[in-house]
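Visitor: My structure is below; once you've seen it, I'll send some questions.
The values are calculated or read from the model by the stated rules, or taken from the named source; none is laboratory data. Since this is a predicted model, take the numbers as computed values, not measurements. A quick note on method: Cβ atoms are made from the backbone with ideal geometry, for glycine too, and the neighbour counts reach across all protein chains shown.
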Amino acid sequence: MDEEILDNLEPQKEPKEETTTIKRNILGLSVLVVASIVIAFYYLGQNANRNLVGAPPVRDFVENRPTIPDNLSEQFREGRALFLEQCAACHNIGMEADMTGPALRGVTQRRDQEWLLNYIRNSMQMVEDKDSTAVALFEQWDESIMVAFPNLSDEDIRSILVFIENR
Ligand code: HEC
C-alpha cells in the first residue's frame with residue numbers, strides 16, 4: 001500500500017522540477033538583461049562628455065589637473081566651454097600637441113595679452129596688416145587659415161586664455 005502511494009507520487013515530482021528550472025532560467029535571463037542595461041548606460045555616460053574631435057572626456061582632465069585658484073575657477077569654466085565650442089576643432093585640448101593649429105601650451109608667455117586679444121579675434125587681419133609674428137605663423141603653418149571670432153568679447157578671450165594657462 002505504501003509503495004503504491006509512493007509510485008503514484010513519483011510522476012508528480014517531474015512537473016515540479018520543470019517549474020523550478022523555468023524559474024531559474026527566467027531569473028538568469030533577467031539578471032543578464034539588467035546587467036546589459038547597466039553596461040549600456042555606463043558607456044553612454046562615459047561618452048556623453050566626449051567632444052567631437054576625440055578629446056578625452058571633459059571629466060578626466062578636470063579630475064586630473066591640479067586645482068586652480070578659486071578666483072579663476074569661474075573664468076576657467078567659461079574658458080573651457082568656449083574653447084571646446086570654438087577652438088578645439090583645430091587646437092588640441094591637451095595643449096601639448098599640434099593639430100590643424102599649433103599647440104597652445106605657453107602661448108600666454110610667448111605673446112602679450114593685447115596681441116592675443118587682437119590675434120584671436122581676427123588673425124588674418126593681422127596678417128594683412130603685416131604684423132611680423134602673425135605673418136611668420138601664417139607661413140609656418142603652411143598658410144592654413146584660422147577663422148576669425150568677431151563675436152568673442154575681450155572677456156571671453158581672457159577666459160579662454162585663463163583656461164589655456166591653467167589647463
Ligand atoms: C579652423 C582652425 C582653427 C580654429 C577653429 C582656431 N584656430 Fe587658432 N590657429 C589655427 C592655425 C592654423 C594657426 C596657425 C597660424 C595660421 O596658419 O593662421 C592658429 C594659431 C593660433 C594662435 C597663435 C599661436 C602662437 O604660437 O602664437 C593662437 C593664440 C590661437 N590660434 C588661438 C586660437 C583660439 C583661442 C581659438 C578659439 C577661439 C582658435 N585659435 C581657433 C587654426 C585655428
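Visitor: Residues that are touching a Ser or Thr at 6+ places or on another chain (Cβ under 9 Å) and within 11 Å of the ligand (Cβ to nearest atom): which helices (runs of 4 or more DSSP H) entirely in region 59-147 hold 2 or more of them? Explain how you work it out, then say what you get.
Guide: On the way: elements: 70-82, 107-110, 113-121, 123-128, 132-140.
Output list reads 70-82, 113-121, 132-140.
Visitor: What's the number of the only condition in (1) closer than 24 Å to Met99 by Cα; (2) modelled with pLDDT of 70 or more that Asn51 fails to meet?
Guide: (2) is the only condition that Asn51 fails.
Visitor: Among the candidates Met95, Met99, single out the residue that is touching a Lys or Arg at 6+ places or on another chain (Cβ under 6 Å) and within 19 Å of Val147 (Cα to Cα). Let's see the steps before the verdict.
Guide: Details: Met99 fails: touching a Lys or Arg at 6+ places or on another chain (Cβ under 6 Å).
Matching residue, one of Met95, Met99: Met95.
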